[in-house]
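Structure first, then comments.
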Amino acid sequence: MEAYVKAADIKEGIAEISFFHPAHNSLPSDLLSQLAHIITETGQRADIKVIILKSFGNRTFCAGASFNELISIEDFPTGKRFFMGFANVINACRKCPKLIIGRVQGKAVGGGVGLAAAVDYCLATQYASIKLSELAVGIGPFVVGPAVERKLGVSAFSQLAINATAFRSAQWAKDKGLYAEVFDKTEDLDQAVMDLAEQLAGHNPEAASQIKRISWESATHWDELLEERAEISGRLVLSDYTKEALQRFMK
């Protein structure tokens, strides 16, 4: 199966945005660009009241950045542009006037954790452990950091960022505020996601939009902030240390 990002109307007032990549749902630049565009486009539709964001497959929600693309970066503009892909997706979620429900069926790593943190309400399975692995390969979770910190708090974000090789359980992520609920089975997750989406689609859309607006009030400067963070990552990915760390990981 080839990589994709697509949107589909599944019921009245509900849209589903899904993505897939054969490398554990990692996100190269082209998929990040498509994802940001589709989130923005879907959010502007008058007939859509709520969005479900999900990935294809069983045990991995999103493995984060594409390491194949990371290791090929040779200059700062290319590095910044790559990390701006994650910044643009996070900001697209933030600016989208419709509430976004995240369906996290499996592990989330690096940018995948940022994606889970950027939605408005996130539901997961017991297999949805999380890890911010960036420091282990010589960079850091700079772009996704604001979104993760907003949901989990400074202490939990720092634990994830510093201990970059350890997965934290889905229950830990729920206790810290990333997930609203954790389910034993994917079938139960899907039912809960749909029940919530149908409930939200029946509410006053203007009220839902205003709730989202005020919940993101502290993030109105993120266009500039995430660009600054992308520049940090864009420089670090060029370092000899990071190049060697990525080579070791790829082997």
State the answer as a single residue: which of Phe249, Leu236, Ser215 lies farthest towards the positive end of the charge dipole of the stretch 203-251, with beta carbon charges of +1 for Lys and Arg and -1 for Asp and Glu, about the Cα centre. Phe249
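Taking the Cβ of Ser155 as the centre, find all other residues whose Cβ is under 15 Å away and add up their charges (Lys, Arg: +1; Asp, Glu: -1). Intermediate results must be reported in sequence, preceding the final value.
Values: positive: Arg150, Lys151, Arg168, Lys176; negative: Glu149, Asp175.
For residues surrounding Ser155, the net value is +2.
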Using amide H atoms built 1.01 Å from N in the peptide plane, name the residues 5+ places from Gly102, or on other chains, whose amide H lies under 5 Å from its own. Leu53, Asp120, Tyr121, Cys122, Leu123
Along the charge dipole of the stretch 1-138, pointing to its positive end and built from +1/-1 on Cβ of Lys, Arg, Asp and Glu, which listed residue (Leu27, Tyr121, Ala63) has its Cα farthest out? Tyr121
Within-13-Å neighbourhood charge of Ala118 [Cβ basis; K, R +1; D, E -1]: +3
What's the FRET efficiency of Lys11 with Asp188 using the Cβ-Cβ distance as r and R₀ = 22 Å, to the nearest 0.05? 0.70
Local electrostatic count, Asn88, Cβ distance below 15 Å [Lys/Arg +1, Asp/Glu -1]: -2
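Averaging sequence separations of C-alpha pairs under 8 Å and six or more residues apart, then dividing by the length of the stretch 41-151, give the relative contact order as a whole percent. Provide the component values of the computation, followed by the final result.
Values: 174 pairs, mean separation 33.4, N = 111.
It comes to 30 percent, rounded to a whole number.
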Could you check the simple spin-label distance between Ser72 and Phe249, using points 7 Å along Cα→Cβ, in nm with one decimal? 1.6 nm
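Sort the stretch 122-165 into rounded, prolate or oblate with this rule: let a ≥ b ≥ c be the square roots of the eigenvalues of the Cα gyration tensor; rounded if a/c is under 1.5, and if a/c is not under 1.5, prolate when a/b is larger than b/c, oblate otherwise. Could the numbers behind the result be given before it?
Working: a/c = 1.95, a/b = 1.31, b/c = 1.49.
Since a/c reaches 1.5 but b/c is at least a/b, the shape of the stretch 122-165 is classed as oblate.
Divide by every residue of the chain the summed helix terms, -39500 (n - 2.57) for each DSSP H run of at least 4, and state the resulting mean residue ellipticity at 222 nm, rounded to the nearest 500 deg cm²/dmol. Mind showing how you got there, number by number?
Numbers: 11 runs with 124 residues, N = 251.
Per the formula, -15000 deg cm²/dmol.
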Using Cα-Cα distances under 8 Å and only pairs 6 or more residues apart, what relative contact order does the chain have, in percent? 21 percent
Mind putting a number on the dipole of the chain about its Cα centre? Charges go on the C-beta only, +1 for Lys and Arg and -1 for Asp and Glu, and I need it in Debye to the nearest 20. 420 debye
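No value in this document is a laboratory result; all are computed from the given coordinates. What you see is a predicted model, and the numbers here were worked out from it, not measured in a lab. Positions of Cβ are backbone-derived with ideal geometry, glycine not excepted, and every protein chain shown enters the neighbour counts.
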